[in-house]
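Single-structure report; data block below.
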Amino acid sequence: MPTIPLHPPNSHSTTNPTANLNPLPPLLHTPTGLALLELQGTIHFPTPADPSTSPFTRIGTLVFPLYNPEINGAEDTKWMKRVYLYVGENQRLAGEVKKLGKGFAVVRRRERVGDGEEMEGVEREDADGDMVDRGQGTQEELEIVELVKYKIVFSTRPEPVSKDGAVV
Amino acid sequence: MATQQDEGDVPFSVAHDMQQFRLLELPPEIVELIESANPPALSIKSRVPSTTPNASNASAAHAVLCTANKTFQLRQVQTSNSLFVTQPVLESHNNEIPTPTTRAIASCAVTLELHPSDENPRIYLEEALPLYDIVDGEVEAAGNGKNKASIFADVPVSDGQAERCWSELVAFEFSGSSYRPSANTLSQIWKSINAAAVAEGIKLDSQFLADDMTKVADEEGYPVALVQALLKRRLSTDNQDINGPWACLDRPRTVQFVGQMLLEARRESDDYLTAGFLDTWKDGLPEAWRGDAVLKVIDGKYELPSSTTIRAKARSGTSSKEDNTASKGSSSRKWHAKFGRARKK
């Protein structure tokens with residue numbers, strides 16, 4: 001099938017239950033809680049011993065040093081100019097929050113199941129990251145999960161810092 | 001909320017089990033569509049690989065995103081940076097109290113850009129639709145067994161654009177297949193319609209019952225769907241209800257169409273006299289319209305190979321094969337003239 005439907009974001013879809021726990025500044029919030037974070041290079045971390053017991057690796061901490069809506073008001077956007085990502089104990093990346101010139105749609109594949117009511121999430125065995133030129137397969141459909149208009153960008157290399165956060 | 005972090009500090013983690021997302025950079029007009037109260041369905045189309053014999057990887061290159069009536073080319077953009085999609089989760093680290101955390105759940109090495117495309121669907125439709133030709137009263141047509149919907153699904157443009165081109169080609173569905181009529185066939189049908197209109201005293205540029213005309217054409221063996229496509233879409237005035245019983249032809253459009261089809265039907269011949277063409281054109285129109293048949297009406301559609309002859313202008317770019325060979329034959333003889341023209345520009 002050469003024509004693949006691309007469904008718009010489902011407004012009444014099950015929003016992520018943890019979305020209201022979103023720790024990021026509200027500007028970066030989206031209905032599903034999805035956000036974009038870009039950094040130069042790659043994050044390396046030791047291979048987890050047992051993936052089933054530790055589904056994630058804590059990389060570091062995001063800090064928005066200028067974000068202070070109580071003092072600057074909710075409308076303040078100057079805080080966007082500075083974001084730090086502390087990695088481990090003595091590396092720091094400096095970045096900023098950028099408004100995207102063009103919004104990004106976060107798209108994923110969705111498989112039609114049974115009566116079409118129940119939509120499955122992302123299937124691992126289908127996850128070849130190749131959505132356009134896969135010719136065969138089951139009724140393939142895509143959906144826009146979220147529309148993201150900001151991203152956190154770290155475009156410089158990490159700088160060394162001491163444990164208390166001061167630049168060495 | 002009590003956390004062990006400084007206020008505003010956000011723990012950041014990376015999931016081991018990454019999900020698969022694609023990031024699609026959207027132009028403002030599509031963002032607007034998606035954010036509207038009733039977002040329309042979009043689709044991603046690609047050409048069927050089998051129709052492009054010598055371009056095996058063309059399907060990826062030809063993937064497009066379609067709205068109802070616009071087409072956008074999809075282009076992959078690689079980035080050397082790591083671009084993560086993150087999600088808020090409650091996460092407990094080293095047996096701490098669970099804290100709200102931003103977790104990267106997908107990494108996207110490639111993003112997709114959308115570029116507006118105004119590619120003409122004509123070559124795709126011409127390729128997909130077999131020619132419906134009538135030679136000496138015998139129908140020559142090999143059905144493709146495809147209806148309009150399945151053909152549109154294979155054409156890498158929006159349905160709206162495909163529909164416009166479908167009407168332009170006077171394409172029609174007939175006994176399980178879809179066809180495009182030859183210029184010759186269209187000329188013949190037009191002749192029948194015009195003759196019938198004269199006989200019945202029907203003014204074609206005012207409201208008339210379409211059935212009166214399709215009946216005549218049906219008796220002469222033309223597919224009704226084809227006659228309808230001609231009268232109610234291709235030649236119709238814009239405000240006509242396509243599904244109603246009435247038809248009304250757009251006079252300038254019809255005059256132009258008749259002239260163009262006459263020329264197209266004689267595309268192969270090299271010696272069509274301009275004077276003879278103008279006479280046939282005028283004769284093929286209702287009496288009151290004769291004066292409308294002047295070359296200005298088909299401006300850009302013809303060329304004058306000599307001071308006395310005329311022919312249909314060779315279509316630019318990739319057109320059907322017979323056109324290519326025809327124009328190649330004539331242009332190779334005049335390559336110096338062609339170069340001279342190019343230099344003047």
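The values are calculated or read from the model by the stated rules, or taken from the named source; none is laboratory data. The structure presented is a predicted model; accordingly, all values stated were derived computationally and were not measured. Positions of Cβ are generated from backbone atoms using ideal geometry, with glycine treated the same way; all protein chains shown enter the neighbour counts. SASA here: full protein model, heavy atoms, side chains in, ligands and nucleic acids out. Shrake-Rupley method; radii C 1.70, N 1.55, O 1.52, S 1.80 Å.
Summary of packing: across the peptides B:80-93, B:298-311, A:79-92, the per-residue average of other C-beta atoms within 10 Å ranks them, highest first, as B:80-93, A:79-92, B:298-311.
Full extension of the chain between B:GLN78 and B:VAL198 yields a length gain of 36.7 nm, computed as 0.36 nm times the residue separation minus the alpha carbon distance.
With the cut-off at 1.5 for a/c, could you classify region B:119-249 from its C-alpha gyration tensor as rounded, prolate or oblate? Intermediate results must be reported in sequence, preceding the final value.
Details: a/c = 2.23, a/b = 1.39, b/c = 1.60.
Oblate.
In this simple spin-label model, placing a label point 7 Å from the Cα along the Cα-to-Cβ direction at both B:ILE123 and A:HIS29 gives a separation of 5.1 nm. Each residue of region B:123-134 was assigned a 3J(HN,Hα) from its phi angle through the Karplus expression (A = 6.51, B = -1.76, C = 1.60, θ = phi - 60°), giving 5, 5, 5, 5, 6, 7, 9, x, 6, 9, 10, 10 Hz with x at Gly and Pro. Residue-wise HN-Hα couplings along region B:263-269, as the Karplus relation 6.51 cos²θ - 1.76 cosθ + 1.60 with θ = phi - 60° gives them from phi, are 5, 4, 5, 9, 3, 5, 7 Hz; Gly and Pro carry x.
Across region B:190-198, rounded Karplus estimates of 3J(HN,Hα) from the backbone phi angles (6.51 cos²θ - 1.76 cosθ + 1.60, θ = phi - 60°) give 4, 4, 4, 4, 4, 4, 5, 5, 5 Hz, Gly and Pro being marked x.
When the C-alpha to C-alpha distance is required to be over 27 Å, the pairs from B:LYS148/B:LYS313; B:LYS45/B:LYS232; B:LYS282/B:LYS313; B:LYS70/B:LYS148; B:LYS215/B:LYS301; B:LYS203/B:LYS232 that qualify are B:LYS148/B:LYS313; B:LYS45/B:LYS232; B:LYS215/B:LYS301.
Average partner chain C-beta neighbours within 10 Å, per residue of A:21-29?
Numbers: counts 8, 7, 15, 6, 2, 0, 0, 4, 1.
Counting Cβ atoms of other protein chains within 10 Å of each residue's Cβ and averaging gives 5.
Amide H contacts of B:TYR302: B:LYS313, each under 5 Å away and 5 or more positions distant or on a separate chain (H built 1.01 Å from N in the peptide plane; Pro and chain starts excluded). Would you grab the residues whose amide H sits under 5 Å from the one on A:ARG110? Only those 5+ places off in sequence or on another chain, please, with H modelled 1.01 Å from N. Amide H neighbours of A:ARG110, under 5 Å, 5+ apart: A:GLU141, A:LEU142, A:GLU143.
Full extension of the chain between B:GLU96 and B:ASP211 gives 33.3 nm of extra length, using 0.36 nm per residue less the Cα-Cα distance. Each peptide in B:271-284, B:122-135 was scored by the mean count of other Cβ atoms within 10 Å over its residues; highest first, the order is B:122-135, B:271-284.
Only protein heavy atoms count here, probed at 1.4 Å, and on that basis chains A and B bury about 5400 Å² of accessible area in total. Only protein chains counted, 1.4 angstrom probe. Which residues of region B:14-38 are at least 50 Å² less accessible in the assembly than when their chain is isolated? Those residues are B:VAL14, B:HIS16, B:GLN20, B:PHE21, B:ARG22, B:LEU23, B:LEU24, B:GLU25, B:LEU26, B:ILE34. Near A:LEU100, the amide H atoms lying under 5 Å from its own belong to A:TYR150, A:LYS151; only residues 5 or more places off or on other chains count, and H is placed 1.01 Å from N.
Inter-chain neighbour count for A:54-67: the average number of beta-carbon atoms from partner chains within 10 Å of each residue's beta-carbon is 6. Inter-chain neighbour count for A:32-43: the average number of beta-carbon atoms from partner chains within 10 Å of each residue's beta-carbon is 5.
Modelled spin labels at B:ALA37 and A:THR47, positioned 7 Å past Cα toward Cβ, are 5.6 nm from each other.
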